[in-house]
Amino acid sequence: MRNKKQHYIYPVYFDAKRSRSQGRRIKKKIAVDAPTIQEIAQAATMLDIPFEMNLEAIYPRFWWIPSGCLQVKKQESFNKNALIKKIAVQLRKIHVKK
């Protein structure tokens, strides 16, 4: 059962190949192609965001694709959308370096 005190962050939120209806949560301009949960974890680490990584988690809309997720404890300083945007900007920097 899901913990209501955590945000769940899936790679599909940042995938430029996905449409909004398929789960992308950010603008295509800052989205990246095929982000991995490890890259998202690296971006969260660079932002000093405490998280737990769950490699066995699946995004419900794509239940046949094991993608993993980050579990971030909810904080009053930011909401889920702000958290996703912060991670997306950092993730974009990681992808540019590659």
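Observations, loosely collected:
- A count restricted to segment 25-50 and to residues that are crowded, with 19+ Cβ neighbours inside 10 Å and part of a loop (DSSP other than H, G, I, E, B) stands at 4.
- Matching residues in segment 53-73 - criterion: being over 12 Å from the mean Cα position of the chain (by Cα) and in contact (Cβ under 8 Å) with a residue 24 or more places away in the chain: Ala57, Arg61, Phe62, Lys73
- Matching residues in segment 1-60 - criterion: being closer than 15 Å to Leu83 by Cα and hydroxyl-bearing (Ser, Thr, Tyr): Tyr8, Tyr10, Tyr13, Thr45
- Of all residues in segment 53-98, those being within 19 Å of Lys4 (Cβ to Cβ), assigned to a loop (DSSP other than H, G, I, E, B) and in contact with a strand residue (DSSP E or B) (Cβ under 9 Å, 6 or more places away or on another chain) number 4.
- Checking Ala82 against (1) surrounded by 13 or more Cβ atoms within 10 Å (Cβ to Cβ); (2) free of Cβ contacts under 8 Å to residues at least 12 places away in the same chain, the condition it does not meet: (1)
We did not get these values from a lab; they are worked out from the coordinates using the rules stated. None of the values given here were measured: they were computed from a predicted structure. Cβ coordinates were reconstructed from backbone atoms using ideal geometry, including for glycine residues, and neighbour counts include every protein chain displayed.
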